[in-house]
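For reference, the structure discussed in these notes is given below.
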Amino acid sequence: MNKAARLVINHCLKNGIGRIVFGWNQRQKDKSNMGRKANQKFVQIPTAKLKERISQLCQQYGIDFVETEEANTSAASFIDSDSLPKHGEKPDSWKSSGKRVKRGLFRTANNWYINADANGAANIISKVATTLGLDLSGVSRGELTTPLRVRLWTLKNPPTV
């Protein structure tokens, strides 16, 4: 966990990133239902430790750490401006205008295909955008279709924290 957290912080420092928005649902693993083997692998990932370590390093290096709940962010369509109800507050009538069609791919109401992880990340940031004074109007289908991938573990000579 320490290595992963340091990779994230080093990337932020190297690229002038001053804020990390971390989507988090308390007790999110309690009712996982992905099959016996997948559940065993998923619940062992120490995401709470990772979140705490990133938060500590952010404080140490002057990076703003913002935690927000991430309920419904994977199901909702950022492109279609779906509402994002908080955990436990989703109305029975709520329905996403898009759909995750397979791993890594989300289809919007207009049948546009975008990266499912980028869609979820954009929705997580949109939950705190108003509070943080962020303008997300420039985030469009293009950025969500083929997002820039940063493989932190393959960077040559990453700066050390």
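Only the coordinates and a few stated rules stand behind these numbers; no lab work does. Just so it is clear, the model here is predicted, and its values are computed rather than measured.
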Point to revise | Cross-link reach list, aspartates and glutamates versus K102, counting only Cα pairs under 18 Å and skipping chain neighbours closer than eight places | key: D117
**Study point:** Contact order relative to length of region 105-146, as percent, for alpha carbon pairs under 8 angstrom and 6 or more apart
**Key:** 41
Revision key, fill the gap. With x for Gly and Pro, the residue-by-residue ³J(HN,Hα) of region 130-136, computed from phi through the Karplus equation 6.51 cos²θ - 1.76 cosθ + 1.60 at θ = phi - 60° and given in whole Hz, is 5, 4, 8, x, 8, 9, 9
